[in-house]
Amino acid sequence: MITLVAFGGTCKKGDVRHTAQTTREALARRPGEGLGEVEEDEVEDFVGLCEDETNRLSYFLNIHGPSVTIDTACPGSLLCLDMACRTIQSGEADTAIIAASSLYLHPDHVIDRGSVGQTHSATALCHTFDEDADRYVESEAVSCVIIKRLKDAIKDRDPVRVIIRGTVTTSEGRTTGNASLTCFDDTAYLECHGTGTQAGDPTEVNGVGSVFGRSHSTDKPLVIGSIKSNIGHSEPAAGNSGLIKVIMATEQGVIPGTPTFIKPSPAIDFVSNKVKATRTAIPWPDQGFLIRRASINSFGYGGSNAHCIVEQADTVARSNFVSSYRSGEDETEAFCSQEEDTKRPCMCVVSANDATSLQSNIQALCKHLANPRVKVSLPDLAYTLSERRKMFGIARSLRHVLTTSTRRTLLWGPMIDSPPESS
């Protein structure tokens, strides 16, 4: 039995204030119901708490295992990733969902006062590594990643987008614990926290240089960047945002630029730290690296820090799964190539509760495949129909088997009137 575990970042407390206001307005339009005034601290009775986000996800998907919401501000989603990895490594779960959200439903909570309000950029940009750095701008984000053991992902033919080589969390300072997780020589890119502050960016880059500088040189620098320069600071979802950026960069072989990096900050010594920032996208460095490997930083203003090391899925892993990612070079017109046909037989399954519905499903599938604009391979089709569709068997299960790989002349095998075996 596969056990899933859900972890999640948090929403904004200001959303509760907005929900309380809208709830009061809604109740005001329904007089005589005896509900009275709804205060901010009572709104949870109507909509639930932000801390319950993950529990609602577990309920909706009917999954079991730990269901935890972590609130450590900026590094929240990367801390979730670290906890999820440890949960899987311990055998407590086989699959984990790490979801994070940062939504602004009302402007009240971004009109901060005092020291917190002083973190907002007057130019509404995150000038990461730049001389004009004037704090950060908040942004919205909703993201989700799913992780499992590599061997299980290969066995289940799941899309392996990236391999997590290590995660670590610290508080109040840098440790040397992550030195044993990877070879620094092969790390070509570091996704920095990079909020665009005069104090934070130089401190982070100096720390990066003290760790990675020993294995890099001025002619082979470590490329650094931050997604906050592109989309702003998604706060509790920032770790996931950086992780997804790095995943796409390793797949495409392109490192996105840092668009607000125009005038290098004089407080950052790029040469001595052996790092390089670029305003425009560049190809992944090809300087003897054995594999595309990158790291992600995420720091919290309360002192919680998280670091993650990922690398491109190797050729062995990528040759044994059905990937959801396709580059332009991967497109093919072949419905089933000779290599695929001889490598492994494919069975396409269609099920229904009655003969009429079954025939309708078959006709719809045949019509879809007959469209010359549809690009699909037979193994992908067989996998989706058998593993990602519900098998009906309430009255009796009707299944047909595809016996030919010719797109326009689909021949179906005999009808089977016994329920499918439970897996």
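Any read-out appearing in this document is the output of simple, stated calculations on the displayed coordinates, not a laboratory observation. Fair warning: this is a prediction, and the values are worked out from it, not measured in the lab. A quick note on method: Cβ atoms are made from the backbone with ideal geometry, for glycine too, and the neighbour counts reach across all protein chains shown.
Note on H106 and I282: the model spin-label points, each 7 Å out from Cα along the C-beta direction, lie 4.6 nm apart. With R₀ fixed at 22 Å, the C-beta to C-beta distance from D132 to T170 puts the FRET efficiency at about 0.15. Which residues in segment 198-217 have a backbone N closer than 15 Å to a point placed 7 Å from the Cα of V271 along the Cα-to-Cβ line? Residues 217 qualify, since their backbone N sits under 15 Å from the label point. Note on S77, S58: ascending count of other Cβ atoms within 10 Å places them as S58, S77, the fewest first. Under a 5 Å amide H cut-off, with hydrogens placed 1.01 Å from N, H216 pairs with nothing among residues at least 5 apart or on other chains. Applying 0.36 nm per residue to the separation of D380 and T203 and subtracting their alpha-carbon distance, the gain on full extension is 58.9 nm. Work out the FRET efficiency for T218 and E387 from their Cβ-Cβ distance, taking R0 = 51 Å, and round it to the nearest 0.05. E between T218 and E387, to the nearest 0.05, is 0.50. The order of H368, H307, H106, going from fewest to most other C-beta atoms within 10 Å of their C-beta, is H368, H106, H307. Length gained on full extension, A124 to R86: 9.9 nm, using 0.36 nm per residue less the C-alpha separation. Between Q252 and L290, the simple label model (points 7 Å from Cα in the Cβ direction) yields a spacing of 2.8 nm.
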